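Single-structure report; data block below.
The values are calculated or read from the model by the stated rules, or taken from the named source; none is laboratory data. On a predicted model such as this, the values are computed, not experimentally measured, just so you know. So basically every Cβ, Gly included, is an ideal-geometry build from the backbone, and we count neighbours across all protein chains shown.
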Amino acid sequence: MPEIAFLNSAYMPIEDAKISINDRGFVYGDGVYEVMVAYGGHPFRMHQHLQRLKRSAAEIRLALTSSVEEIERVMMEGIERAGFDDTMVYLQFTRGVAPRKHSFPANTKPTFVATFREKPITSEQTRRDGVNLVTIEDLRWGACFVKSIALLPNVLAYQQAQDSEAFEAILHAADGVVHECSVSNIFFVQDGRIVTPAKTNKNLHGITRRAVLDFANDLDIPTSEEAVQLDAILAADEVFLSGTTFEVLGAVKIDDRNIANGTVGPVTQRVAAHFRLTIEQGRYE
């Protein structure tokens, strides 16, 4: 199956999609994006993703030239053209092409890019065994709830995790308050209750994060969104992550320190299984 792209008004093979070196996304990281998964051609929580895209664009004063309905049509046609069983859809809007100058250009049309690739597969062994995490002080800007394409601090944190042979990096403030991970949201379980950092300007308000809280409610598992200290996560009964492409993934070690007995816990397993069941039942919104 081909990986394809949509650039402004046309679909094409992904390797043929080109933008100007004067595009402000390339020059400044001046743009926003969304990533979602379509299972069997059905995007998961599409409308929540598209509403977040609109909010991110509004926060950086980027006027989208495409309506939500138009973006949805581009997505659905791209998913059909690509033909994968499960598709990773990437949407990006930048402020467009203009001479390099910090101030917003006048009368410039945003650049709209979408790509359609096969969804990455997380192995069953990884799901059974769980993953390792490292902790890193969060040095990002103060508007992390905006899904900005300017992701260099996240890239550096993620690479530091990879260099440590870990899956992900927990980002925390100097005082130990945990915000999120470099590419995912984080949860922990204590005495049967699921806890996740409250939504603030310092974390992304994850769509999969919201789904996990909804699924916990389906399972009658109590949840809490609150300020979370790193020490609480280190002392937790279970720790797990949520992310668009891997859904729910248990963590078993942080900075070479086991979480509880060092295995993926039962609450994590229940939530992950319910996530898969929800998809199998065709509950995409």
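The rows are residues; the columns are (1) under 25 Å from Glu285 (Cα atoms); (2) touching a strand residue (DSSP E or B) at 6+ places or on another chain (Cβ under 7 Å).
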| position | (1), (2) |
| --- | --- |
| Gln162 | no, no |
| Glu168 | no, yes |
| His172 | no, yes |
| Arg193 | yes, yes |
| Val228 | no, yes |
| Phe246 | yes, no |
| Ala260 | no, yes |
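State which residue is farthest from the chain's Cα centre (by Cα) when the search covers only region 61-73 and only residues that are loosely packed, with under 15 Cβ neighbours inside 10 Å and polar (S, T, N, Q). Top of the filtered list is Thr65. Confirm whether Ala166 is at pLDDT 95 or above and closer than 25 Å to Leu241 by Cα. Criteria met by Ala166. Here Arg283 clears all of (1) over 24 Å from Gln48 (Cβ atoms); (2) free of Cβ contacts under 8 Å to residues at least 12 places away in the same chain except the condition numbered (1).
Taking strands (runs of 3 or more DSSP E) as the structural unit, those lying wholly within region 150-244 and holding at least 3 residues that are surrounded by 15 or more Cβ atoms within 10 Å (Cβ to Cβ) and of a type outside the set (Asp, Glu) correspond to 168-172, 178-181, 185-190, 193-197, 238-243.
Could you go through region 240-253 and let me know if any residue there is assigned by TED's automatic domain parsing to the domain that holds Ala174, basic (Lys, Arg) and touching a helix residue (DSSP H, G or I) at 6+ places or on another chain (Cβ under 9 Å). Within region 240-253, none of the residues are assigned by TED's automatic domain parsing to the domain that holds Ala174, basic (Lys, Arg) and touching a helix residue (DSSP H, G or I) at 6+ places or on another chain (Cβ under 9 Å). Can you name the residue in region 80-92 that is more than 15 Å from the chain's Cα centre (by Cα) and surrounded by fewer than 21 Cβ atoms within 10 Å (Cβ to Cβ) and, of all such residues, is nearest to Ala5 (Cα to Cα)? Top of the filtered list is Arg81.
Checking each residue in region 61-88 for being touching a Lys or Arg at 6+ places or on another chain (Cβ under 8 Å), of a type in the set (A, V, I, L, M) and under 20 Å from Val32 (Cα atoms) picks out Leu62, Leu64, Val68, Met88.
State all residues of region 93-121 that are surrounded by 12 or more Cβ atoms within 10 Å (Cβ to Cβ) and without any contact (Cβ under 8 Å) to a residue 12 or more places away in the chain; if no residue qualifies, say none. Selection gives nothing.
When only residues in region 105-156 that are among the aromatic types (Phe, Trp, Tyr) and under 17 Å from the mean Cα position of the chain (by Cα) count, which is nearest to Gly265 (Cα to Cα)? Within region 105-156, the match that is nearest to Gly265 (Cα to Cα) is Phe145.
If the condition is being surrounded by fewer than 21 Cβ atoms within 10 Å (Cβ to Cβ) and acidic (Asp, Glu), then region 31-60 contributes only Glu59.
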